[in-house]
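Single-structure report; data block below.
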């Protein structure tokens, strides 16, 4: 790492369009995190089933898998700010529906699974547009710094969201969903005020070939393929978020407030690391640091799976977040720097599939494994698998492992 110029952060704060987008994203992410804490706890309250907790993740993943590539094509043809604003508006309506269902006592397993499908479809369009929008908000030399700063704010929201959601859930699910609705409304207002210069490009006719252009772009560049697929396989195996209601209720005995704190712990570690990366940029041995961070994620997951102490579990989850943040900053910066703007929507869509699969499909994998092996067994298996993935990627993608700098 090299010293980060003190003037760098102040220059970033002077990028008013970026800061407005950053604020909107913070409010939206906080609302989304609160929403998923409430949905997870409510589902486990209704069914007491690890399988159903896994289905929440699966039902978000399937529409994302089906829609993300077309969504990436849309992100390269339609103003990306409008796409993000429409997705935030849809999330606000979902939160409002859940608030009404909780208030009128007609929430059910089927409703929560339907909501999961809707949220998956929304995320399919939102993620590629957001990722492709970032390079238009700051000068390109500031992109790594902006990515780290954006991640810091993102993780702060992920910390505050679950903790606040867990605390409010003590009052009732209705209060959580109502708060989410208000936060989504704030995010929508900020997004509607966002003014970004839209660069018109000559569009190719819509075809299967143009929709799949992002897949082809990444496939032909093995370094990008290794970076993008790493998240899929590592977090697919190592993610334990879907099982946190079981750990909070049956293993650690800490209730909904403890669940909120457990869900916040990875973000606390990620926030700490992102602040460090905002002040000291990663410049050398990029590939090796990326793969080492993924292995560290696996080790911390093993510690969490073995722990019977709440605070040790919190520390282990924080360590997973710190390791993952190193991975996120390196991967996202590499993808954006290596991709021309006319392709960013479609390439970001492919990257979103990997990210979405690692999160939503990983939640299903965790739930299914827990149904067979128990929650502890599922987490331990996942942690070991993540370490093996990191070791395998050293051999499978030597161009990634040997990458020295962000910009060669």
Solvent-free Debye scattering, log10 I(q)/I(0), computed from the Cα coordinates of the chain at q = 0.08, 0.14 Å⁻¹
-0.39, -1.31
At 0.692 mPa s and 37 °C, Stokes diffusion of the stretch 216-341 via Kirkwood alpha-carbon radius, µm² per second
211 µm²/s
Connecting every pair of Cα atoms under 10 Å apart in the chain and solving the GNM, the largest mean-square fluctuation among 227, 156, 48 falls on 48
Compute the FRET efficiency between residue 405 and residue 14 as 1/(1 + (r/R0)^6), taking r as their Cβ-Cβ distance and R0 = 22 Å, and round to the nearest 0.05.
0.25
Rel. contact order, % - alpha carbon contacts under 8 angstrom, at least six apart, the chain:
30 percent
Residue with peak Gaussian network fluctuation, the chain [Cα springs, cutoff 10 Å], from 140, 325, 36:
140
The stretch 1-156, Cα convex hull volume normalised per residue, Å³
136 Å³
Fluctuation leader among 51, 280, 106 - the chain, Gaussian network, Cα springs under 10 angstrom:
106
Order of 141-150, 393-402 by packing, highest average Cβ count within 10 Å first?
141-150, 393-402
Using label points projected 7 Å from each Cα along Cα→Cβ, tell me how many nm separate residue 395 and residue 117, to one decimal.
4.3 nm
Taking 0.36 nm per residue of separation between residue 311 and residue 47 and subtracting their Cα-Cα distance, the length gained on full extension comes to 92.2 nm
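Each value in this text was obtained by applying a stated rule to the coordinates, not by laboratory testing. What you see is a predicted model; the values in this text were computed from it and never measured. Every residue, glycine as well, gets a Cβ built from its backbone with ideal geometry; the counts of neighbours run over all protein chains shown.
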